[in-house]
Amino acid sequence: MELSRRDVLAAALAAAAIRPASAETQDLAGLTIKKASDLLRRKTVSPVDLTEACLKRIDQYNPTVNAYITVTREQVLATAREMAEEQHRGKWRGPLHGIPVALKDNIDTAEIRTTGASELFKDRIPTEDAEVVRRLKNAGAIILGKTNLHEFAYGTTSAVTYFKPVHNPWALDRIPGGSSGGSAAATAADLCLGSLGTDTGGSVRIPASYCGVVGFKPTYGRVSLRGIIPLSWTLDHAGPIVKTVEDAALLLDAIAGFDEADPSSADVPVANYARAIALPTAKLRLGVPRAPYFNNLDPEVAKAVETAIEVLKKHAAGVSDVVLPPANGLNLIGPEAYAYHAKWIAATPELYQPPTRTILQRSADLKASAYADALHKVYLLRREIKKVFDTVDLLITPTMPGPPVTIEASATQSASTRNTSPFDVYGLPTISLPCGFTSSGLPIGLQISGAPFAETTVLALAHAYEQATEWHTRRPELKTA
């Protein structure tokens, strides 16, 4: 009996041990990057199939979630056909060949508007791709579109945006976190196979935690920032927001590396991150900084993280308490953000959302001496933190102290950066991955941090934990608008 194309696809999905999380995600958009890449390599599906599946879900669910600002449908499909034709000719660029991904809308894309979620830049069209975009395209990735964010990445809710708030796919009345809320929401809702975000005080990891996906902030300087609208040159990072740790490794393989045109870029050898997930973890020493990271936790978060630590003990040499040098309270973002926005906030303040406008205008009065002192302390802390890794290899903390607030409440209550921002100051590679859910069904995140440029160690332990649990397999049930 001759099998139909649908029968062949169904058999291939079963053979790949793909378990969709719900009836709504029983299609190609629900795949991880790794599983989709395997199917592409075997020519069971095509880049066009994957892209059309993502576009279909965007049509269905983006009106509800509001994760995307811009989707260039015709250009996306043209690129998908180009990647399919290359594969037909025998050209294979690697694991991201034909993979549809999304980009936070503060990352420049040539000839496609990049808004920073602000009215100020609502018609801004860059002439060049950011370096991370160039690398993704060279790897064969298909850029689906640009995702919504907290305006100019200056906040943690993604409710302050000219393009209206992003909604958490797990509970539409809740914030997804920020500032990369659109990237995390799109990834969790299967509106892309993976995405990129930026992280200055937790903006990759906060929304990853709140949306039940994986967010990885590499070491400061590991990924080029050239072509990304800055918030704070000293603290900005860029990294993947994806469905699994393995997917984070695959995206990082594509975007990591030295960029001589970026002053923040570090000329440090790049590892093979996809292979790193298989590295042994039995000899790793884990450190737990109790204060302040475990202070005043929501009880359900506390229970989930302690349970996760018990799981990690089985994959490591031991766990001990450690003390980290204080890193909160250093105001670098204010003066550096103001320096970038000074001409626009003076000329057209009305084009900023009121909360962004207020905080930028307040930063105009900050003294140079205070900024210089804060910058000096960051340099010292990035040296001092290395001493911690004389006694431990990785640090374990909750990502967030509690679950996300409602969009309505976010007007007066933002998401805390207490547990995330120190790792931007330290510049350490840090990942957030799912470790449980509250009784009301909201995701909880676990944070793992390593020594400078020890991305491989972070990925190895995170993958070991992920494989020992099932939290990452859950997906939200979505409704159309």
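The values are calculated or read from the model by the stated rules, or taken from the named source; none is laboratory data. On a predicted model such as this, the values are computed, not experimentally measured, just so you know. In this analysis, Cβ positions are derived from the backbone assuming ideal geometry, glycine residues included, and neighbour counts consider all displayed protein chains.
Tabulated values for the structure
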{"read-out": "Residue in region 445-466 that is crowded, with 24+ Cβ neighbours inside 10 Å, in contact with a strand residue (DSSP E or B) (Cβ under 7 Å, 6 or more places away or on another chain), assigned to a loop (DSSP other than H, G, I, E, B) and not hydroxyl-bearing (S, T, Y) present", "value": "no"}
{"read-out": "Residues of region 141-179 that turn out to be in contact (Cβ under 8 Å) with a residue 60 or more places away in the chain, touching a Lys or Arg at 6+ places or on another chain (Cβ under 6 Å) and either within 18 Å of I444 (Cα to Cα) or not β-branched (V, I, T) (or both), as a count", "value": "1"}
{"read-out": "Residue within region 262-277 that is touching a Phe, Trp or Tyr at 6+ places or on another chain (Cβ under 8 Å), under 30 Å from E470 (Cβ atoms) and buried (at least 16 other Cβ atoms within 10 Å of the Cβ) present", "value": "no"}
{"read-out": "Cβ-Cβ under 8 Å pairs, at least 6 apart or on other chains, region 443-458 side without any contact (Cβ under 8 Å) to a residue 40 or more places away in the chain, far side of a type in the set (V, I, T)", "value": "none"}
{"read-out": "Scope region 223-235; condition in contact with a strand residue (DSSP E or B) (Cβ under 6 Å, 6 or more places away or on another chain) and closer than 27 Å to I444 by Cβ; matching residues", "value": "V223"}
{"read-out": "Given (1) touching a residue at least 12 places away in the same chain (Cβ under 8 Å); (2) on the phi < 0 side of the Ramachandran plot, number of the condition Q467 does not satisfy", "value": "(1)"}
{"read-out": "Residue in region 369-376 that is at pLDDT 95 or above, outside any helix (DSSP H, G or I) and hydroxyl-bearing (S, T, Y) present", "value": "no"}
{"read-out": "Residues (in contact (Cβ under 8 Å) with a residue 40 or more places away in the chain, hydrophobic (A, V, I, L, M, F, W, C) and not in a strand (DSSP E or B)) located in region 54-84", "value": "C54, L55, I58, V65, A67, V76, A80, M83"}
{"read-out": "Criterion violated by F294 - all others in (1) surrounded by 11 or more Cβ atoms within 10 Å (Cβ to Cβ); (2) more than 24 Å from E455 (Cβ to Cβ); (3) more than 24 Å from the chain's Cα centre (by Cα); (4) in contact (Cβ under 8 Å) with a residue 40 or more places away in the chain satisfied", "value": "(3)"}
{"read-out": "Subset of region 89-128 [in contact (Cβ under 8 Å) with a residue 12 or more places away in the chain, in a loop (DSSP other than H, G, I, E, B) and surrounded by fewer than 22 Cβ atoms within 10 Å (Cβ to Cβ)]", "value": "W92, R93, G94, H97, A110, E111, R113, K122, I125, P126, T127, E128"}
{"read-out": "Verdict on T72 being surrounded by 16 or more Cβ atoms within 10 Å (Cβ to Cβ), under 24 Å from L136 (Cα atoms) and at pLDDT below 95", "value": "yes"}
{"read-out": "Residue list for region 182-222, restricted to those being of a type outside the set (G, A, S) and assigned to a loop (DSSP other than H, G, I, E, B)", "value": "D190, L191, C192, L193, T200, V204, V213, P218, T219, Y220, R222"}
{"read-out": "Unique match (being farther than 30 Å from A374 by Cα, in contact with a Leu (Cβ under 8 Å, 6 or more places away or on another chain) and surrounded by 24 or more Cβ atoms within 10 Å (Cβ to Cβ)) among A238, A184, A189, A208", "value": "A189"}
{"read-out": "Test: residue in region 45-55 that is at pLDDT 95 or above, more than 18 Å from the chain's Cα centre (by Cα) and charged (D, E, K, R)", "value": "yes"}
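Let's see how each residue does on (1) in contact with a Cys (Cβ under 7 Å, 6 or more places away or on another chain); (2) farther than 28 Å from V160 by Cα; (3) surrounded by 12 or more Cβ atoms within 10 Å (Cβ to Cβ):
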site: I309; (1), (2), (3): no, yes, yes
site: A316; (1), (2), (3): no, yes, yes
site: D321; (1), (2), (3): no, yes, no
site: Y352; (1), (2), (3): no, no, yes
site: T358; (1), (2), (3): no, no, yes
site: D365; (1), (2), (3): no, no, no
